[in-house]
Amino acid sequence: MTIVEDGQIVGLFWARSEEALRAVDETYGGLCRSLALNILNDRQDAEECVNDTYLGLWRAIPPARPAPLRTYLCRVVRNIALNAYYKKRAARRSAAGCVPFEELEDCLAGADEAVQALETKELARCIERFLDTLSREDRVIFLRRYWFADSCRQIAGRVGLSEKNVTVRLARMRRKLKEHLAGEGVSV
């Protein structure tokens, strides 16, 4: 397996070479599958999500020249996985779901109203300002849970803490996030 640099991969897309898809899969396929699987909890759905991501890249590049490619790719796969998750959830109308996102619902209880009141970018800026108040380790824990949808066990192994410690920290961070958003005028 050869890892190809982002610039080379983007160049392959611009050249409309099918090798671009192989290079992206070799370099970032594991990350994409892991992220999609964390959100969807279904290997077949995750694989479909990754394939949709690659198709999306093929259609977007050119004209896009994403840099860094890894971040762009994670955002695309995450958005596709979340759309699939919400579509599946709406079809089932079940209480069971993707726990990391449901944990944040208390902090963003009026999420529909908040999105209407503030543009999505402003809400993202509020959350970025909140993340700036956290220690590096807490930021890693928060992002691994709520961006990458890692389990508390996976996060604990990654940062060298107990699973219970991670769970308690996440609960405290959600409470602080709720207070931070209220302080910034986001209805919670």
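Label points 7 Å out from Cα along the Cβ direction at residue 179 and residue 26: separation in nm?
5.1 nm
Could you derive backbone 3J(HN,Hα) for region 45-51 from the dihedral phi with the Karplus parameters 6.51, -1.76 and 1.60 (θ = phi - 60°), listing whole Hz in sequence and x where the residue is Gly or Pro?
5, 5, 5, 4, 4, 5, 4
I'd like the FRET efficiency for residue 58 and residue 147, computed as 1/(1 + (r/R0)^6) with the beta carbon distance as r and R0 of 25 Å, rounded to 0.05.
0.55
Can you pull the percent of region 49-93's accessible area that's carbon plus sulfur, 1.4 Å probe, other chains left in place?
52 percent
The values are calculated or read from the model by the stated rules, or taken from the named source; none is laboratory data. Keep in mind that this is a model prediction, so the values were computed, not measured. Neighbour counts run over all protein chains shown; Cβ positions are idealised from the backbone, glycine included. The area values use the complete protein model at the heavy-atom level, side chains included, leaving out ligands, DNA and RNA. Shrake-Rupley method; radii C 1.70, N 1.55, O 1.52, S 1.80 Å.
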